[in-house]
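The values are calculated or read from the model by the stated rules, or taken from the named source; none is laboratory data. The model shown is predicted, which means the values in this text are computed figures rather than measured ones. All Cβ positions, even for glycine, are placed from backbone atoms using ideal geometry, and neighbour counts span all protein chains on display. Surface areas here come from the heavy atoms of the whole protein model, side chains and all, with no ligands, DNA or RNA. Shrake-Rupley method; radii C 1.70, N 1.55, O 1.52, S 1.80 Å.
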Amino acid sequence: MRLGNKHMTALSSNQYAQVFPLNAAMNLTANLHPANTAKDVFENLSKPMKERFFDYQTWRNRIFERHSNLAHMLSTGYFLAEKFGNLADANARLKHADEALKLGNVKFGHINLSVSDDEICDIAEQKARYCELKIAKNGHNLHVFAQLKELANSFTIDALVLVSPYCSNLSATSLVGALNRFADPIWWRRKLRKIQAVTIEQLARDLRLVHKKASAYVSQPTIQNRRDRKRKSEQIMSDLFVVPNESNPFEEFESLQSIVERSHTSGKQQAAELMVRIRGFEELADMHGHRGEFYTISAPSRFHSVHHTGIPNKKYNGSTPQEAQEYFNDIWKRARALFAKQDLRPYGFRVVEPHHDGCPHWHMLLFMEKGEAIQVRKILRKLATQDSPDEFKTTSTRFKAIAINKKKGSAAGYIAKYITKAVTGDCIDKVTCSQAGEMKVLPADAAERASTWASTFNIRRFQQIGGPSVSLWRELRRLGQGEQGKCEVANAMKTTLDTVSKYALEKVRQAADSSDWKAFCIAMGGVQVKRKDQTLRLHYQIPDIVDQITGEISRSETKSPYFATKYGDQPANRILGVAWDAVVVITRRGSSQIMTETDIKAQRKIMIGVSEQIQGWHDDGRLFEPTKEEMQFLEACVLEDYQNMCLFMDYEALAGNIMSDEIASLDLCH
């Protein structure tokens, strides 16, 4: 192939497939024809005339053209299906893929899920515009909602649920919010992107293209799409800045990207927080003399698309990772019920990790009293091996238990590698799978793929079992560090810094501030305390009073910026702070707005103009500093709050010294 006028460059097969996916797909399957053995000829003669002379090569090429973005994936799956099965099986799989990528029905049309992300955005715009015109013509009513609900259902989008009964005012706003969502392109975009990602990824698993010898955890199209979108998001967020309301526009503001990187959901922050909490549980277990156990639970064969060698698994029934996760959740739900009956109260962490073929499995680090370990093992082993017991010779295939041995390492060390492998990939030399062994993938790539897998199938990877609320922990850490946070608690309790330390509220805050999960659990009432009996609880906002607390001025609920969503319905309760008895500590004060650099420069230009205007007034003699007598008068109307270390105006004293006719004569413009 000639690239340019002077250089001749040969592309590898993978590079060629990326640049020319359609040509690569046609070339890969060009030589796949029905066998010409006597048996095949006889079977072909027994088929109907239409099937006997059917041109399969033209048929599959049309499918590749229709889904050109996925042509390489479809052709590779077709080739492997013919290799490990037969041409009929390959044709059936390709036909199923073609149908799965066609979303919709005859009434509302179809959407091709193999299109690019830009085309998905265009389709979302079209659907939203259709809904918008429908609402504009017929108004916000139940008949229109039923029509648009049918439209959404035709594309397998979950229908919005209205609050009932309809006669209430809340239901009316719920109807308006639902219809406005139908008319929002962003709402359609998110829904279609999610359906597209799940459909393509499950097709890749059905075609046996997700395994350690091809693409571990997730398919190549999915990981490439994730990288492209992440790059675009980072680029956009780097150009946006978080500007607190009533702030000085000449200050330096953080970019939205830097704030995201500091959040608890970012890679290193997430791993650090998880390790702090796991370490705290281990210290509590040592203090109470509890025993640590490490369990691994695997799914039955029907959830695995391939064997560890990459050869297709004949027992695979097309189950998705979401269905496998539901299988594990059902096991854990029944286990918790049996634990409660026998008064067993284990605590710890659960980590969900994908096998090389994208099927999830669970790792659990649990602490319990020494006498409870045998019963906990027995219950979990029984539940994990009930399904398809003829598939394994030993129970360790489905359930593996390891007693934590302090001489070999800490309990946190047993689960640390799984957290690191799933989040950042740091400090790991090689990536291994309990089913397939060592995989030829870099640790950082494995972490990226595991994160993409969980995001695609909406699987929660890390779950705390027992212990106090981590949301409370995070809210308390939003307060100032050290003495500043202590001062905020003292102000909320209306006490002094000297006496606040003896109260439970400050003990909990101090434990969270110092990243001491063990002390935090003890201060909250213990690791096994019920949620209703914990020392602190989350405090949620009430829309009509949150403005007074955060400084926003609002005389009615309808004018409150927190009272309604952008769709016009009532929002979910928003965390405002933490509560201890009747004391509320506000952790989220004020509000911010997202601005571009151009917006900030415009504000600065306005402020410079205002400053120059004021300076002009001063130079012209229209603006004077207050006299000594005027300053004494103003100071007499000010009261000092020693506890909160602030000043506020005594409006009664001010009103008693200024007459209404004096106010009327003031020239507020000059």
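Here are the numbers for this structure:
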read-out	value
Listed residue pairs exceeding 24 Å between alpha carbons, taken from LYS127/LYS194; LYS107/LYS566; LYS341/LYS532; LYS341/LYS507; LYS149/LYS191	LYS107/LYS566; LYS341/LYS507
Extension gain (nm, one decimal) between SER410 and SER469, 0.36 nm per residue minus Cα-Cα	18.8 nm
Within the stretch 297-313, backbone nitrogen closer than 11 Å to the virtual label 7 Å beyond the Cα of ASP387 toward Cβ	298-304
Distance histogram in 5 Å bins (all Cα pairs of the stretch 314-355, percent per bin)	6, 16, 21, 20, 16, 10, 7, 3, 0
Restricting the stretch 241-343 to GluC sites (Glu not before Pro) in coil, as DSSP defines it, with at most 10 other Cβ within 10 Å	GLU246, GLU251, GLU252
Percent carbon-and-sulfur accessible area, the stretch 62-206, ignoring ligands, DNA and RNA, probe 1.4 Å	53 percent
Farthest positive-ward along the stretch 409-526 dipole, Cα basis, beta-carbon charges - from GLN463, ALA492, LEU505	GLN463
Highest average packing first - 65-78, 88-101, Cβ atoms within 10 Å	65-78, 88-101
Ranking by accessible area, most exposed first, for ILE428, ILE379 with a 1.4 Å probe	ILE428, ILE379
Cα coordinate range in the stretch 205-324, projected on the principal axes (Å, largest first)	66, 50, 23
Cα→Cβ-extended label distance, 7 Å offset, between HIS96 and THR309, nm	2.2 nm
The stretch 78-140 and the stretch 438-489: distance between their alpha carbon centers, rounded to Å	35 Å
Listed residue pairs exceeding 29 Å between alpha carbons, taken from LYS382/LYS417; LYS102/LYS268; LYS333/LYS408; LYS333/LYS400	LYS102/LYS268; LYS333/LYS408
The stretch 305-348 residues near the modelled VAL161 label - backbone nitrogen below 12 Å, point 7 Å along Cα→Cβ	none
Distance histogram for the stretch 312-440 (every C-alpha pair counted, 5 angstrom bins, percent rounded to whole numbers)	2, 8, 16, 21, 21, 16, 11, 4, 1, 0
Full-stretch length increase - ARG193, ARG377 - with 0.36 nm per residue and alpha-carbon distance subtracted	62.1 nm
Distance (nanometres) between label positions extended 7 Å along Cα→Cβ at ASP118 and ASP581	6.3 nm
Estimated dipole of the stretch 228-380 in Debye, rounded to 20 [Cβ of Lys and Arg +1, of Asp and Glu -1, Cα centre]	1080 debye
Diffusion coefficient, µm² s⁻¹, Stokes-Einstein with Kirkwood Rh over alpha-carbon pairs of the stretch 280-330 at 4 °C and 1.567 mPa s	94 µm²/s
Computed accessible area, ARG336, all protein chains, 1.4 angstrom probe, square angstrom	150 Å²
Nearest-0.05 FRET efficiency for ARG227 and GLU251, computed from C-beta distance (R0 30 Å)	0.30
Where the stretch 249-324 is the region considered: accessible area per residue in Å², 1.4 Å probe	47 Å²
Using a Förster distance of 56 Å, the FRET efficiency for LYS213-ILE606 (Cβ separation, nearest 0.05)	0.35
Most to least accessible of SER592, SER215 (protein chains only, probe 1.4 Å)	SER592, SER215
Separation of the GLU483 and SER514 label points, Cα + 7 Å toward Cβ, nm	1.8 nm
Cα coordinate range in the stretch 92-206, projected on the principal axes (Å, largest first)	51, 25, 23
Calculated SAXS-style log₁₀ I(q)/I(0) at q = 0.18, 0.20, 0.22, 0.27 Å⁻¹ - the stretch 572-623, Debye, Cα scatterers	-0.74, -0.79, -0.86, -1.00
Cα-based equivalent ellipsoid of the stretch 209-271: semi-axis lengths in Å, sorted from largest, via gyration tensor	35, 14, 6
The stretch 81-144, Cα convex hull volume normalised per residue, Å³	112 Å³
